[in-house]
Amino acid sequence: MNNFLKIFLEVTGVTLPIFAVIAVGFFIKKKGIIKDQNVPLLNKLTYNFGLSSLVFLNIAENKLKEIFDVNILKVIFPTYFLFLIIVFLSFYFLKIKNKTKGAAIVSTYRSNMAFIGMPVLLYAYGSLATAKASIVIACLLPLNILTTALFLRLLNIQDSKDRKTGIKKLVIEIIIDPVLIAVVAGMIISYFSYEIPAPIFKFFEILSSLAVPLALISIGASFKFSHIKSNIKHLSLISFGKLILMPLLSLVFSIFIFKVGKLDRDIICILCAMPLAVATFIQSEKYNSDTDFVSSALIITTLISAVTITGWLFILRLI
C-alpha cells in the first residue's frame, strides 16, 4: 500500500503542475491578458523558438547511438498505421458532414507529443527520454502533415486553389519545419560529438527554457468551450481511441511483439497517450475543415488526459 501511495504521489507530482500551468493559460486569456488573435502568435513562438531549441539541445547533448533506437521506431510505426486504419474505418462510413468527418478522423490520431508529451517525459524520465522522443516526433511529423492533408482532400474540403498548390506547400512546410531542422542539426552534432561553444549553448539554453511554460500556456489559451455538447458522442469516441486504445496498442507491440526495453516502452506509451495537438487546429483551419469540432476535441481530450496520463504513468510504474 505504501508503494502504491509513493507511486501515486510521484506520478501526480509530474502531471499536476503541467495541467495547472495549462489552467493558468486558460485564465490568462479569460482575463483578457491574452487575446484570441494573440494565441496563434504564442503557438508559433513556442514551436519555432522554444521547442526547437529544447529538441536541439536534448539531442546534441547525448550520443546518437544512445538516443536513436530502431526498436522504438519498430513499435511506433505499426502502432501508428494500425490505429490510423481503425480510425478511418470507424469514422469514414458514418452519416455526418464531410467537414466533420475529416475533422473527427484527424482529431483522433494527431497527438500533442511535442507540447505535452515532451514536458511529461522530461519531468518523469529526464532529458534522455526527451532526446529519444525527439527522434520519434521528427519521424512522425511529416507523416502527420501528409496524412492530415490527404484525409481532408479525400473528403473534398479544399478549394480549387489549394488543390493546385497543396503538394508543393506541404513539401516546403516539411523541409523548413524548425523542429525537424533542430532534430537534423542535433543529430549531426551528436553523431560527430561536436562540443557546442559556450555562448551558443547558453543562447539555445535560454530559448529552450521558454518551451515548456509557453507550450502549456498556449494550450490553455487555445481552449474554447463551444460546440462540445452537440458533438459529445463523437468526442467521447475520439477520447477513448486517442487516450486509451492507441497507448494500449503500443504496449501490445512493445511487450509481446518487439519486446523493447522498459524506458523505450514507457516513452512510446506516453507519446501515444497524448491529447490532440494544437497544430491540428491550425492545419484544419488552413484546409477549411470543421474547426469548431477540432477545437472541441482539443478541449475534451486535453482535460481527460489529465486523468489518463496520470493513469498510464501509474500503470507503467507497476508493470
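Read the figures in this text as sums done on the coordinates, not as results from a lab. Predicted model, so just to flag it, every value in this text is computed and none were measured. Note that we place each Cβ from the backbone using ideal geometry, even for glycine, and neighbour counts take in every protein chain shown.
In the set Leu248, Leu210, which member is closer than 22 Å to Leu89 by Cβ, surrounded by fewer than 24 Cβ atoms within 10 Å (Cβ to Cβ) and not polar (S, T, N, Q)?
Leu248
Taking every residue in segment 204-232 that is part of a helix (DSSP H, G or I) and pairing it with any residue that is surrounded by fewer than 16 Cβ atoms within 10 Å (Cβ to Cβ) and among the hydroxyl-bearing types (Ser, Thr, Tyr), at least 6 positions away or on another chain, yields no pair with a Cβ-Cβ distance below 6 Å. Among the residues examined, Ile255 does not qualify as part of a helix (DSSP H, G or I), touching a Ser or Thr at 6+ places or on another chain (Cβ under 8 Å) and more than 23 Å from Asn43 (Cβ to Cβ). Taken residue by residue, segment 28-39 has no member that is within 25 Å of Gly261 (Cβ to Cβ) and buried (at least 19 other Cβ atoms within 10 Å of the Cβ). Selection of segment 221-238 for residues being surrounded by 16 or more Cβ atoms within 10 Å (Cβ to Cβ) and either in contact with a Gly (Cβ under 6 Å, 6 or more places away or on another chain) or within 24 Å of Phe27 (Cα to Cα) (or both) yields Ala221, Ser222, Phe223, Lys224, His227, Ile228, Leu235. Pairs linking a residue in segment 14-33 that is within 9 Å of Ala221 (Cβ to Cβ) to a residue that is among the charged types (D, E, K, R) and part of a helix (DSSP H, G or I), with Cβ atoms under 8 Å and 6 or more positions apart or on different chains, are Lys29/Asp36. Close Cβ contacts (under 7 Å, 6 or more residues apart or on different chains) running from residues in segment 238-264 that are touching a residue at least 40 places away in the same chain (Cβ under 8 Å) to residues that are surrounded by fewer than 22 Cβ atoms within 10 Å (Cβ to Cβ) and part of a loop (DSSP other than H, G, I, E, B) comprise Ser254/Val260; Asp264/Asp69.
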